[in-house]
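Structure record follows, encoded as structure tokens.
The values are calculated or read from the model by the stated rules, or taken from the named source; none is laboratory data. Quantities reported herein were computed from a predicted structural model and do not represent experimental measurements. A quick note on method: Cβ atoms are made from the backbone with ideal geometry, for glycine too, and the neighbour counts reach across all protein chains shown.
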Amino acid sequence: MYIMSTKQPMSTASHEPVIDARELHKSFGNVEAVKSLSFSVEAGEVLGLLGPNGAGKTTTIKMLTTLTQIDGGQAAIGGFDVSTQPDVVRQMIGVAGQSAAVDEKLTARENLNLFGRLYKIPRAERQRRTEELIERFDLGDFADRPSSTYSGGERRRLDVVAALVANPPALFLDEPTTGLDPRSRAELWDTVRSLATEGTAIVLSTQYLEEADRLADKILLIDHGEVVAQGTPDALKANLDRNVLEIHLELESGVGDAQELLASEENAVADVEARRIDIHVGNDADRSLALLRRLQDGGISILKFQLREPTLDDVFLSLTGSPSTEIEESTK
Ligand SMILES: Nc1ncnc2c1ncn2[C@@H]1O[C@H](COP(=O)(O)OP(=O)(O)OP(=O)(O)O)[C@@H](O)[C@H]1O
Ligand SMILES: [Mg+2]
């Protein structure tokens, strides 16, 4: 998708990416946190950086936003090299990181003003922009209280809004909705979509498949600093068995018996302590019913069951073909 943008930086021709990462690499001692990661994001596009804990999401975002040095490869924002022109790059980006950048002692209004100063926005415009953001993102209720008194969600919201002060052409959001309640999460999703529609190029990291699915135009699925899969959300999901049948058993001792009854099912994962069995069943309702009936006929007492959408874990399991897609020996 490409949307003409008023924010297109001067130095780029219209079809050049706003964010361009080529073979990025970063090591911490002997931990290779990011290995040869390449991607680009155009104006109006949202790239979802999806991956579990330790995948390299924050490290990637920190490299692109000048917060950590790039060990190998190259990155450019609006055509400016991140390593050699960090000062120019800083004026073109907004960042909402995993740890809050706002000053605890200051109010939301003061914090937004301070960010405007960091971006060297003239005073009058800074104040206008601060009021506009408070209004647009509904920060009014707590705009004049010190940030130290905010709830986790309120602080998260201020953090994201602070990244928007300079109306930057490139925006980096590192797990922006972690810890938000469903309503705040939905509001933030709306915000991200509307910023993209206005032409901002956005990199958003998340551990939630649903979030990437809702927001991203394309997804980079990473693990151990490497790309495991990439493409549009639909293309990624097309690779998956859509649904997981989650069966909760009454007794811990029933899990072993259930495993025997399901021995022919390649996709069953058992968790004895949780008294639970997960099976990838695709979209085949008959198959789910048959599996449940098999357990019931075998004398297994089922507490409850549900058919759910795959989680990020399921995506990984099915893409990497990890051994945990089978019933595990160790769960006896
Ligand atoms: N300053 C550091 N020193 C040493 N190791 C680090 C440092 N920063 C990150 N790492 C390591 O690099 C890897 C990637 O970390 P990173 O923070 O990028 O992951 P992440 O995908 O953001 O994870 P999370 O979802 O938990 O935030 C991890 O193994 C982490 O321990
Ligand atoms: Mg992180």
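Numerical summary
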quantity	calculated
Inter-residue pairs, beta-carbon under 7 Å, first under 13 Å from residue 206 (Cα atoms) and in the stretch 219-239, second of a type in the set (Phe, Trp, Tyr) and not in a helix (DSSP H, G or I), 6+ apart	220/39
Selection within the stretch 70-95 - within 16 Å of ligand 1 (Cβ to nearest atom) and touching an Asp or Glu at 6+ places or on another chain (Cβ under 6 Å)	73
Residue count, the stretch 53-86 (criterion: within 16 Å of ligand 2 (Cβ to nearest atom) and under 13 Å from residue 33 (Cα atoms))	12
Qualifying residues in the stretch 48-69 (those that are of a type in the set (Gly, Ala, Ser) and closer than 22 Å to residue 189 by Cα) - the one nearest to ligand 1 (Cβ to nearest atom)	51
Only one of 211, 198 that is crowded, with 22+ Cβ neighbours inside 10 Å, among the acidic types (Asp, Glu) and under 27 Å from residue 48 (Cα atoms)	211
Of all residues in the stretch 30-52 being more than 17 Å from residue 233 (Cα to Cα) and among the small types (Gly, Ala, Ser), the one that is nearest to ligand 2 (Cβ to nearest atom)	33
Some residue of the stretch 30-43 being at pLDDT 95 or above, surrounded by 14 or more Cβ atoms within 10 Å (Cβ to Cβ), in the same structural domain as residue 77 (by TED's automatic domain parsing) and over 22 Å from residue 227 (Cβ atoms)	yes
Any hit, the stretch 87-103, residues being without any contact (Cβ under 8 Å) to a residue 12 or more places away in the chain, surrounded by fewer than 22 Cβ atoms within 10 Å (Cβ to Cβ) and either assigned to a helix (DSSP H, G or I) or in contact with a Phe, Trp or Tyr (Cβ under 6 Å, 6 or more places away or on another chain) (or both)	yes
Tabulated pairs, the stretch 45-64, first touching a residue at least 40 places away in the same chain (Cβ under 8 Å), second within 12 Å of ligand 2 (Cβ to nearest atom) and assigned to a helix (DSSP H, G or I), C-beta under 8 angstrom, 6+ apart or interchain	49/57; 49/60; 49/61; 51/57
Filtered residue count, the stretch 44-80, keeping only those that are of a type in the set (Gly, Ala, Ser), closer than 21 Å to residue 97 by Cβ and buried (at least 22 other Cβ atoms within 10 Å of the Cβ)	7
